[in-house]
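The values are calculated or read from the model by the stated rules, or taken from the named source; none is laboratory data. These figures come from a predicted structure and were not determined experimentally. Because the Cβ atoms are built from the backbone with ideal geometry, glycine has one as well, and the counts that use them run over all protein chains shown.
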Amino acid sequence: MFDSLPKTGLGALDWQWAQYEPYVQDLLARSLSAAAVNQWMQDWTKLYDLINDVYNRLAVQHTLDTTDEVAEKRYMAFLENIYPPATMAEQKLKEKLLASGLEPQGCALPLKKMRVAAEIFREANVALEVEENKLVVEFDKIIGAQTVLWNGEEMTVEQLLPFFEDPDRSVREKAWRLRMERKLQDRQTLNALWAKFLQLRIQMAKNAGEPDYRALRWKQFKRFDYTPQDCETFHAAIEAAVVPAVQRLNAKRRQQTGLAALRPWDFGFDVHGRAPLRPFEDVTDLDARCEVIFNQVDAALGKHFAHMRQHKLLDLPNRKSKAPGGYCTSYPAERVPFIFMNAVGIHDDVQTLLHEAGHAFHVYETNHLPYYQQTDYTMEMAEVASMAMELLAAPYLTQDKGGFYTPQDAARARLDHLENMLVFWPYMAVVDAFQHWVYTHPQDALDTANCDAKWGELWSRFKPGVDWSGLEDIRVTGWQRKLHIFQVPFYYVDYGLAQMGAAQVWGNALHDQAGAVAAYRRALALGGTVGIPEFFQAAGARFAFDTATMQQVVDLIETQMDKLEQIH
């Protein structure tokens with residue numbers, strides 16, 4: 001029966017629930033035994049790989065063009081007509097397996113995750129999740145419509161980013177102000193949307209019997225290996241070890257530029273007056289050169305990326321009405337990834353593609369696992385895959401190795417990357433601490449004036465040293481410009497923790513590149529069958545939150561930056 005399911009979500013984009021339901025009923029009707037459970041799990045996987053494949057394809061189609069009414073209608077139809085019964089059917093299947101007492105091989109941790117999911121499942125929340133997904137679509141449309149006139153030409157706000165790198169300070173300031181002023185135009189619209197998101201999440205937590213949405217989210221993310229209090233420890237470690245390092249970078253930038261104070265537009269350009277890095281003019285050159293790079297990192301990874309290019313599993317250029325940001329998703333029925341991004345011709349585009357390719361490699365490397373529950377790895381693991389790939393690929397950025405740059409420009413790019421790693425941690429701490437405050441003080445957070453005040457307070461704590469005078473409205477509304485806060489709450493500390501792991505993988509690679517890459521691939525292949533500490537250990541890293549470990553990583557980065565300074 002299950003062999004008749006489409007092999008790709010493309011064959012089921014317009015299916016109704018009635019076409020899925022017989023497969024669910026077959027699974028629910030079967031008796032489970034030790035002899036039968038593996039086939040039952042495989043059939044469950046085939047069905048939900050297809051459902052998730054369809055969902056991901058429809059979501060991708062919407063983000064490719066947020067003005068495509070047909071794509072939006074199909075996506076909304078799935079959310080309204082397929083998502084609720086599929087979610088409730090999945091819950092029944094989980095309950096059936098848990099009640100059987102059986103444990104398929106390699107499923108100890110997936111079963112633990114199922115128990116938690118079953119514990120917090122509430123039918124009432126399914127409808128709220130649909131409404132939440134509709135709000136995500138609304139957010140994408142608001143951001144996707146943000147355009148400006150630059151020298152008489154209509155541009156997306158993302159297309160202004162290359163001008164942030166201009167050596168001419170007046171050009172940078174003009175571009176920065178234009179971008180931010182356009183974003184401020186949507187301030188009240190986003191405030192109203194925020195209230196809808198927050199009210200839904202408050203109700204979800206109540207329905208699930210959790211003390212607050214943070215507690216619910218911890219269980220939804222299956223965060224068994226650390227607590228909210230560990231996050232606070234991590235914030236303190238960043239404040240102690242990283243903020244001073246960033247202050248040192250700022251002091252050096254002031255000295256090199258001769259500026260009495262740094263303004264928000266005084267970053268991202270070359271302090272020596274050199275032209276900005278422009279790694280490619282055509283996006284096809286971006287993915288072609290990255291394929292060469294990946295082949296040198298590891299032949300199997302290069303083969304994965306070649307497969308993506310061959311089968312058009314990339315949509316890279318920025319354009320009007322395209323949703324913001326970049327992501328890697330997957331089409332599970334075909335066992336392939338898909339990368340979406342907004343390339344505009346700057347070095348950050350190279351970093352983004354290296355990053356998202358790391359996620360894509362994670363998909364390929366877990367294809368050997370028989371059950372879809374085993375590929376449910378945590379976000380912390382997923383981000384080690386992506387962030388470590390940025391660093392493992394760095395030695396191959398030079399043109400003589402098929403990359404984009406001269407040795408001097410490659411050193412510039414790597415220096416910028418390492419500097420951005422340091423700068424990222426304090427920003428991550430702001431985003432994460434803000435969300436801890438929001439969801440433990442939800443009534444206060446419904447008043448967006450309080451959100452502005454809290455963001456400003458955290459910015460002062462973690463991001464000192466920049467002159468924002470006259471720009472207070474832009475400064476305190478920074479939370480509105482972080483997609484994760486609206487769309488994926490609490491998915492941000494994952495990046496900070498993963499960067500700790502990725503930096504350790506990179507530290508190993510400085511001494512043994514081949515060994516570090518091999519450990520990286522072994523870790524990815526584990527999927528969701530092990531916890532975060534075991535995953536980190538397999539990759540050659542230690543999962544930690546403390547100041548001492550953070551300081552070791554900062555020292556490593558600063559030492560390597562000093563070496564790269566001698567090249568560039």
Q) Quick check: anything in segment 332-341 touching a strand residue (DSSP E or B) at 6+ places or on another chain (Cβ under 7 Å) and touching a residue at least 60 places away in the same chain (Cβ under 8 Å)? A) yes
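Per-residue answers, yes or no, for (1) farther than 23 Å from F164 by Cβ; (2) within 23 Å of the chain's Cα centre (by Cα); (3) modelled with pLDDT of 95 or more:
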| residue | (1), (2), (3) |
| --- | --- |
| F224 | yes, yes, yes |
| T227 | yes, yes, yes |
| C231 | yes, yes, yes |
| F234 | yes, yes, yes |
| A237 | yes, yes, yes |
| R254 | no, no, yes |
| F269 | no, no, no |
Q.
Looking at segment 261-288 only, could you name the residues that are touching a residue at least 24 places away in the same chain (Cβ under 8 Å), in a loop (DSSP other than H, G, I, E, B) and either loosely packed, with under 13 Cβ neighbours inside 10 Å or touching a strand residue (DSSP E or B) at 6+ places or on another chain (Cβ under 9 Å) (or both)?
A. A261, G273, A275, L277, P279, F280, E281
Q) Would you say E158 is within 19 Å of H62 (Cβ to Cβ), in contact with a strand residue (DSSP E or B) (Cβ under 6 Å, 6 or more places away or on another chain) and either among the aliphatic types (A, V, I, L, M) or assigned to a helix (DSSP H, G or I) (or both)? A) yes
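If you go through segment 363-414 one residue at a time, how many are in contact (Cβ under 8 Å) with a residue 12 or more places away in the chain and assigned to a helix (DSSP H, G or I)? Before you say what the answer is, go through the steps one by one.
Keep residues of segment 363-414 that are in contact (Cβ under 8 Å) with a residue 12 or more places away in the chain, which gives 363-398, 401-405, 407-414.
From the residues that got through so far, the ones that are assigned to a helix (DSSP H, G or I) too are 363-365, 372-375, 379-396, 401, 407-414.
Within segment 363-414, residues that are in contact (Cβ under 8 Å) with a residue 12 or more places away in the chain and assigned to a helix (DSSP H, G or I) number 34.
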Q) Which residues, counting only those in segment 542-568, are within 26 Å of R412 (Cβ to Cβ), out of contact with any helix residue (DSSP H, G or I) (no Cβ under 6 Å at 6 or more places or on another chain) and not in a helix (DSSP H, G or I)? A) Q566
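On the given criteria, is D467 of a type in the set (D, E), surrounded by fewer than 18 Cβ atoms within 10 Å (Cβ to Cβ), under 25 Å from K174 (Cβ atoms) and touching a residue at least 60 places away in the same chain (Cβ under 8 Å)? Lay out the reasoning, then the answer.
Working: of a type in the set (D, E): yes; surrounded by fewer than 18 Cβ atoms within 10 Å (Cβ to Cβ): yes; under 25 Å from K174 (Cβ atoms): yes; touching a residue at least 60 places away in the same chain (Cβ under 8 Å): yes.
Answer is yes for this residue.
Tell me yes or no: at least one residue of segment 86-102 is under 23 Å from the mean Cα position of the chain (by Cα) and among the hydroxyl-bearing types (S, T, Y).
From segment 86-102, those under 23 Å from the mean Cα position of the chain (by Cα) are none; that's our starting set.
No, segment 86-102 has no match at all.
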Q) When the residues of segment 502-528 are filtered to those that are in a loop (DSSP other than H, G, I, E, B) and of a type outside the set (A, V, I, L, M), which remaining residue is surrounded by the most Cβ atoms within 10 Å (Cβ to Cβ)? A) G527
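This table checks each residue for (1) out of contact with any strand residue (DSSP E or B) (no Cβ under 8 Å at 6 or more places or on another chain); (2) surrounded by 19 or more Cβ atoms within 10 Å (Cβ to Cβ); (3) farther than 20 Å from F197 by Cα; (4) modelled with pLDDT of 95 or more.
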{"position": "A59", "(1), (2), (3), (4)": "no, yes, no, yes"}
{"position": "R74", "(1), (2), (3), (4)": "yes, no, yes, yes"}
{"position": "I82", "(1), (2), (3), (4)": "yes, yes, yes, yes"}
{"position": "P85", "(1), (2), (3), (4)": "yes, no, yes, yes"}
{"position": "L111", "(1), (2), (3), (4)": "yes, no, yes, yes"}
{"position": "A118", "(1), (2), (3), (4)": "yes, no, yes, no"}
{"position": "N125", "(1), (2), (3), (4)": "yes, yes, no, yes"}
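Given the criteria surrounded by fewer than 18 Cβ atoms within 10 Å (Cβ to Cβ), closer than 22 Å to I142 by Cβ and in contact with a Phe, Trp or Tyr (Cβ under 8 Å, 6 or more places away or on another chain), does L64 qualify? Spell out the reasoning first.
On the way: surrounded by fewer than 18 Cβ atoms within 10 Å (Cβ to Cβ): yes; closer than 22 Å to I142 by Cβ: yes; in contact with a Phe, Trp or Tyr (Cβ under 8 Å, 6 or more places away or on another chain): yes.
So L64 fits the description; yes.
Look at A449 and say whether it is out of contact with any strand residue (DSSP E or B) (no Cβ under 8 Å at 6 or more places or on another chain), touching a residue at least 40 places away in the same chain (Cβ under 8 Å) and of a type in the set (A, V, I, L, M). Working first, answer last.
Details: out of contact with any strand residue (DSSP E or B) (no Cβ under 8 Å at 6 or more places or on another chain): yes; touching a residue at least 40 places away in the same chain (Cβ under 8 Å): no; of a type in the set (A, V, I, L, M): yes.
So A449 does not fit the description; no.
Just to check your reading of the model, which residue among L316, L301 is out of contact with any strand residue (DSSP E or B) (no Cβ under 6 Å at 6 or more places or on another chain), crowded, with 17+ Cβ neighbours inside 10 Å and either free of Cβ contacts under 8 Å to residues at least 60 places away in the same chain or not acidic (D, E) (or both)?
Details: L316 fails: out of contact with any strand residue (DSSP E or B) (no Cβ under 6 Å at 6 or more places or on another chain).
After applying the criteria, what remains is L301.
Suppose the filter is among the polar types (S, T, N, Q), surrounded by 14 or more Cβ atoms within 10 Å (Cβ to Cβ) and under 25 Å from N125 (Cα atoms); does T45 pass it? Spell out the reasoning first.
Working: among the polar types (S, T, N, Q): yes; surrounded by 14 or more Cβ atoms within 10 Å (Cβ to Cβ): yes; under 25 Å from N125 (Cα atoms): yes.
Considered against the rule, which asks whether it is among the polar types (S, T, N, Q), surrounded by 14 or more Cβ atoms within 10 Å (Cβ to Cβ) and under 25 Å from N125 (Cα atoms), T45 comes out as yes.
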Q: Given the conditions (1) surrounded by 18 or more Cβ atoms within 10 Å (Cβ to Cβ); (2) under 30 Å from P279 (Cα atoms); (3) in contact with a Leu (Cβ under 7 Å, 6 or more places away or on another chain), report the number of the one that L93 does not fulfil.
A: (2)
Q) Here are some conditions: (1) at pLDDT 95 or above; (2) on the phi < 0 side of the Ramachandran plot. T284 meets all but one. Which one does it not meet? A) (1)
Q. Of the residues that sit in segment 127-144 and are under 16 Å from P85 (Cβ atoms) and surrounded by fewer than 17 Cβ atoms within 10 Å (Cβ to Cβ), which one is farthest from the chain's Cα centre (by Cα)?
A. A127
